[in-house]
Amino acid sequence: MLQKKSRYKPLYKKFVRLRKNVQNRRKLVVGNFKKQKWKNLITFLKTSIKRRKNNFRSYDQFSFFISKYSFPYKKKYLNKLLIKQRFRLFYGDISNKKLKKLLQTVNSSKQKKISASNLIINYLENRLDSILYRVHFVKSIREARLIIQHGHVFINNVCNKNNAFLLTEGDVISISSNYSKQMKTNLFSSNLWPLPPEYLQINYKTFQISILNTFDKPSIFLAFPFFLDLPNIINYR
């Protein structure tokens, strides 16, 4: 049987649909778009962060927001769908199949002491591509996957081309010198915000990352540019 090829969708058009700067792209903040169709989205994003000094707005994922004059059951399915799409796009546009498999493993896990929301974030944040993004060596998880597949990333002095590799305590990540110039430009443009997690020790001179311990703290929930609403993502069908 012939398999249907997945059609490539431009990245910035997805932000129009989601009405959020999901990947914290600087181009949307600066507004370097010449066409008129981007004007409404850029003004909407600028007004939402107008009272903030930083371009990155942090959300408290443990609080629940209900607008004052909204009907809670209006467009319920659409809101759940947009929440799931923002979550998928933030982690490098995860496919629906991979997300369903991940949710099945989380729901079938027997770890009663850890909640399902912590388990799914624990798995995604310990991946190699997400750690490179958190330390601002790359602009997005998509770029992290490219340099991993091209053999620029080493774990314990061994080349690793698996972007979904789960790191453990004591692992050391190093980057080849061929990609050092690009990482310097990425660091200067990022302003190191949001701050990297506390469980990572970073050497910005040699571009090495050492894992002090695996993710076990909820402070990472403040490092998302949108409201996660993980219960709706886990219970999504």
Of the residues in segment 74-93 that are farther than 17 Å from ARG25 by Cβ and not in a helix (DSSP H, G or I), the one that is nearest to the chain's Cα centre (by Cα) is LYS75
Contact list, first residue from segment 4-23 and farther than 17 Å from PHE224 by Cα, second anywhere and modelled with pLDDT under 75, beta-carbon distance below 6 Å, six or more apart or interchain, is VAL16/LEU41
Among the residues of segment 79-91, are any modelled with pLDDT of 60 or more, surrounded by 11 or more Cβ atoms within 10 Å (Cβ to Cβ), more than 26 Å from ILE234 (Cα to Cα) and outside the structural domain of ILE131 (by TED's automatic domain parsing)? no
- Task: Kindly indicate whether any position in segment 215-227 is at pLDDT 90 or above, surrounded by fewer than 13 Cβ atoms within 10 Å (Cβ to Cβ) and not assigned by TED's automatic domain parsing to the domain that holds LEU18.
- Result: no
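Let's see how each residue does on (1) closer than 19 Å to ASP229 by Cβ; (2) surrounded by fewer than 16 Cβ atoms within 10 Å (Cβ to Cβ):
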| site | (1), (2) |
| --- | --- |
| LYS101 | no, yes |
| VAL106 | yes, no |
| LEU124 | yes, no |
| LEU132 | no, no |
| GLY151 | no, yes |
Looking at HIS152, is it in contact (Cβ under 8 Å) with a residue 24 or more places away in the chain and on the phi < 0 side of the Ramachandran plot? yes
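Every residue, every condition in (1) in contact (Cβ under 8 Å) with a residue 12 or more places away in the chain; (2) touching a His at 6+ places or on another chain (Cβ under 6 Å); (3) more than 24 Å from GLN23 (Cα to Cα), yes or no:
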position	(1), (2), (3)
VAL158	no, no, yes
ASN178	yes, no, yes
ASN186	yes, no, no
SER189	yes, no, no
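The values are calculated or read from the model by the stated rules, or taken from the named source; none is laboratory data. Note that this is a predicted model, so its numbers are computed, not measured. Ideal geometry is used to build each Cβ from the backbone, glycine not excepted, and the neighbour counts take in all protein chains shown.
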